[in-house]
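I have placed the structure first, in the form of structure tokens, so that the comments after it can refer back to it.
What follows is calculated from the coordinates using simple rules that are stated; it is not laboratory data. Just so it is clear, the model here is predicted, and its values are computed rather than measured. We place every Cβ from the backbone using ideal geometry, glycine too, and count neighbours over all the protein chains shown.
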Amino acid sequence: MWKDKYKVGIDLIDQQHQELFNRVSEFIRTVENEDSWEKKLNKVKETMDFMQKYVVIHFDQEEAYQRKIDYPDTQKHKQIHEEFKGVVNNYVKLFEEEGFTEEKIQEFSAKLMTWLIMHVAQTDQKIGDYVKNKGGEIL
């Protein structure tokens, strides 16, 4: 589901976004097409683990980059990241407490993809625009 229009023009961030899109897309394909509940459940657990770990790495690096270039909305962006980590952690807790249901898995997959598209296509694009207005990629 990755599209070139999602590129922000900063190689590290774009590579990490592509990895996120690839993982979430693979997760959604499995959830929608896998008949085996065990395989579907394994993919859910794998994706939740990945999201809990990888988004922390990505968000930390993206926020460090923003500080390095003196991006004016760094604090606001960090708050958006914190809210998303909270969403993921809430689903982890929900699945632990209530178990896995088809409905909740579908809901989780929709939240992941919707958030990812909206965040990368809108919020993160502002970072790329800021860098371009400053004269190019600053690493």
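Brief remarks follow.
- Net charge in the neighbourhood of K39 (other residues with Cβ under 13 Å of its Cβ; Lys, Arg +1, Asp, Glu -1) is -2.
- Rounded, prolate or oblate (a/c below 1.5 giving rounded, otherwise prolate when a/b exceeds b/c) for region 21-97 by Cα gyration tensor: prolate
- Scalar couplings 3J(HN,Hα) for region 58-64, obtained by applying the Karplus form with A = 6.51, B = -1.76, C = 1.60 to θ = phi - 60°, are 4, 4, 4, 5, 5, 5, 4 Hz; x denotes Gly and Pro.
- About its Cα centre, the chain has a charge dipole of approximately 420 debye under the convention of +1 per Lys or Arg Cβ and -1 per Asp or Glu Cβ, with nothing else charged.
- Gain in span if fully extended, I57 to E107, counting 0.36 nm per residue against the direct Cα distance: 15.6 nm
- Ordered by the count of other Cβ atoms within 10 Å of each Cβ, fewest first, S109, S36 give S36, S109.
- Both numbers refer to the Cα atoms of the chain; Rg and Dmax are 16.1, 51 Å.
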